[in-house]
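Student: After the structure tokens below, expect a handful of questions from me.
Nothing in this text is a laboratory measurement; each read-out follows from the coordinates by a stated rule. Since the model is a prediction, treat every value here as computed from it, not as a measurement. Please note: Cβ atoms are built from the backbone with ideal geometry, for glycine as well, and neighbour counts cover all protein chains shown.
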Amino acid sequence: MNDAQDSYQSLETQVRAVAGLLQAGRIKVARRAIDSLKGQGPDNGDIWALDGELALRERRPEAARAAVDRALALDPGLPERHIQRARCYLLTGDAEEALVSAELALACPLRRLDHLLVLGGVLVRCERHEQALSVYDQASRQAPDSADAWRGLAAVYRFLGRLEDAERAADKAIHLDPADYETIGLRSSLRTWAEHDNHLAALERLEREGIKDWRGAVQVAYAIAREYEDLGRWSESFAALRRGATLKRQHTRYDHADDLRIFPTLKSAFTREALASLEGGGLCTGEPIFVLGMPRTGSTLVERIITAHSQVQNLGEVSTFSAEMVRLVRERNAAQVDRLALAERSLELPMHTLGARYMAAVDKARDGSARFVDKLPLNCLNVGLIHAALPNAKIVHVVRDPMDACYAIYKYLFRNGYPFSYDLRELGAYYAEYWSLMAHWREVLPRGALYEIRYEDVVEDLPGQARALIDALDLTWEEACIEFHANRQASTTGSAAQVRRPVYRSSVGLWRRYERELAPLREVLAAAGLPV
């Protein structure tokens, strides 16, 4: 063996060692080692790929992409390079560019299980669920004993509304990995369980035996709560729910008082006079339909009614408007702008530019439909700015009984966001501030700028409410709008399973089953003057 071969093998050994450091989470040690390796092997694609992976872990997307681009130039035929580049774009929220890289990966021979699994996750985040299904299916056929492959299949089947397939895949994943607590949680949400058809014995056995990972313990507690509620065993359900929510809150870094400061800031900044001064400055397009409100209040139901229309595309829960606003404010301010100052500075933006930036960003994901729905619940914080930047856009606010809404929020385990939802008093305080802010928007916006629809009215009179809604959106009526459950579009929201069913009334007034347990919540809402 010559010196060049020795050097190459030594370098490869070091690369594997650094990969092990990354896998073990030893970020600082890995950084020093990678910086040294780059000098030794500037033309080694694996080294630059490792550098990119480390930058991704450090949440430095630009540095990650620069390193991955260099690795890709050295090894353009490797699918893992394209997958890694897609992940760089996802870190900055650019799903369209991520999809370009993901499709380049799909064009390569995909043989390794780990590549298939990561690519499946990328495609899900790019809202390409049919492609993700194909990738996860290939993974499960290639490695039928891979719990990760079946877990991915279960999640995608759920998004696509194939709930029986989702349950079978979830059962397989859990059989292969009994500690797959996330899939245990997913499975419990797929259907209504019965007295002799549930997983309660197995779930409670898991709790008794002890679950070391607190996240797993939370998932199991929420699963127990869901299945007991299906059986009408209210006290057992709430006891499990309280266990899970309390544990989740204990491990959530969240400053509740600081979070609430945004509400008075918005009301102080967005006065009637301030908004009037911005009239005529926005982009006059009527293509966007914003559906907003608090989570778990029926916004997905309303979204599905609208997007069942042949002229309307569903963009899903996208944070594009906020992202473009933040980007524009930061471009115009040299110093770092905090969250509260951001709200105030947003009024100084050129509204036409903000509207145009938003439309340019969402256009990348559009399919040619005349209209589209942007459904992000907490766009309720942006109502004033949305109207100023896009004055002809339709804004639909979905309202629900405060106690039912808060209970629905409390009993749902969110993957991300909504940290106020795991403590009843914090939840009540946040909901009261939201309620007050929406009252403010009604007061300061022009008449008709905000269309409000009550969840309870929709489930009581779907045909009448759907027709009124479609008319308010300046769309012609289509019968498909009341057959929304037959809409085969993917849904990645917390209601992904429920929207596959016709309208049901069982959740109206459900909070009364837990009137005693929810007393602290009701006390906070009543003190704020809400109708409870």
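Student: For Q313, enumerate residues with amide H under 5 Å from its amide H, sequence gap 5+ or separate chain, H modeled in the peptide plane.
Tutor: R371, F372, V373
Student: Would you work out the relative contact order for the chain, in percent, from Cα pairs under 8 angstrom that are 6 or more residues apart? Could the numbers behind the result be given before it?
Tutor: Values: 747 pairs, mean separation 66.8, N = 532.
Result for the chain is 13 percent.
Student: Report the one residue of A393, G464, I482 whose Cα lies farthest in the direction of the positive end of the charge dipole of segment 263-527 (charges on C-beta: Lys and Arg +1, Asp and Glu -1; origin at the Cα centre).
Tutor: Result: I482, furthest along the dipole toward the positive end.
Student: Cα convex hull of segment 39-134: mean projected area in nm², to one decimal?
Tutor: So the Cα hull casts an average projection of 5.8 nm².
Student: Taking the radius of gyration and the Kirkwood hydrodynamic radius from Cα positions alone, what is the Rg/Rh ratio for segment 263-527, to two decimal places?
Tutor: Numbers: Rg = 18.4 Å, Rh = 19.2 Å.
Rg/Rh: 0.96.
Student: Same structure, new question: How much length is gained if the chain between N392 and R261 is pulled fully straight, taking 0.36 nm per residue apart and subtracting their Cα-Cα distance, in nm to one decimal?
Tutor: Gain in length upon complete extension: 44.2 nm.
Student: Expressed in nm to one decimal, what extension gain is obtained for the pair A468 and D69 from 0.36 nm per residue of sequence separation less their Cα-Cα distance?
Tutor: Extra length from A468 to D69 when fully extended: 138.5 nm.
Student: Among all helices in the chain defined by DSSP H, which have a length of 27 Å or more along the axis from Cα atoms plus a Kyte-Doolittle mean of at least -0.5?
Tutor: 3-23, 424-444
Student: Next up: Roughly how big is the chain's charge dipole about its Cα centre, with Cβ charges of +1 (Lys, Arg) and -1 (Asp, Glu), in debye to the nearest 20?
Tutor: Roughly 780 debye for the chain.
Student: Please report, in debye to the nearest 20, how large the charge dipole of segment 263-527 is about its Cα centre when each Lys and Arg carries +1 at its beta carbon and each Asp and Glu carries -1 there.
Tutor: Details: 31 positive and 32 negative charges, 110 e Å.
Taking the Cα centre of segment 263-527 as origin, the dipole is about 520 debye.
Student: Here is a follow-up. Mind jotting down the three principal axis lengths of segment 234-364 based on Cα atoms? Whole angstrom, largest first.
Tutor: Principal extents (largest minus smallest coordinate, Cα): 56, 44, 29 Å.
Student: Follow-up question, since we're still on this one. Starting with the highest mean, order 350-358, 462-470, 295-303, 372-380 by the number of other Cβ atoms within 10 Å, averaged over the residues of each peptide.
Tutor: On the way: 350-358: 20.2, 462-470: 16.8, 295-303: 24.6, 372-380: 22.0.
So the order, starting with the most tightly packed, is 295-303, 372-380, 350-358, 462-470.
Student: Hey, rough spin-label estimate for D43 and E103, points 7 angstrom out along Cα→Cβ, what's it come to in nanometres?
Tutor: Modelled inter-label distance: 3.4 nm.
Student: In what sequence do S36, S146, S421 fall when counting other Cβ within 10 Å, fewest first?
Tutor: S36, S146, S421
Student: Mind jotting down the distance between the C-alpha centroids of segment 236-288 and segment 327-377, whole Å?
Tutor: 17
Student: Moving to a separate point now. Starting from the Cα-Cα distance between W477 and C284, subtract it from 0.36 nm times their residue separation and give me the gain in nm to one decimal. Provide the component values of the computation, followed by the final result.
Tutor: Values: separation 193, 0.36 × 193 = 69.48 nm, distance 2.40 nm.
In short, 67.1 nm is gained.
Student: Please name which of C380, I305, L518 has its Cα lying farthest along the dipole of segment 263-527 towards the positive end, using unit charges on Cβ (Lys, Arg +1; Asp, Glu -1) and the Cα centre as origin.
Tutor: L518
Student: Sort 258-266, 386-394 for me by packing, meaning the mean count of neighbouring Cβ atoms within 10 Å per residue, highest on top.
Tutor: Descending mean neighbour count gives 386-394, 258-266.
Student: Shifting gears a bit: Just need the relative contact order of segment 263-527 here, percent rounded to a whole number, with Cα pairs under 8 Å and 6+ apart.
Tutor: It comes to 30 percent, rounded to a whole number.
Student: Let me ask something else about it. Describe numerically, in nm with one decimal, the distance between label points set 7 Å from Cα along Cα→Cβ at R57 and at Q142.
Tutor: So the two model labels end up 2.4 nm from each other.
Student: Let me ask something else about it. Which one, A408, T271, L315, projects farthest toward the positive side of the charge dipole computed for segment 263-527 from Cβ point charges (K/R +1, D/E -1)?
Tutor: Final value for the positive-end residue is A408.
Student: Further question on the same structure: On average over all directions, what projected area in square nanometres does segment 294-412 have, based on the convex hull of its Cα atoms?
Tutor: Mean shadow area of the hull around the Cα atoms is 8.5 nm².
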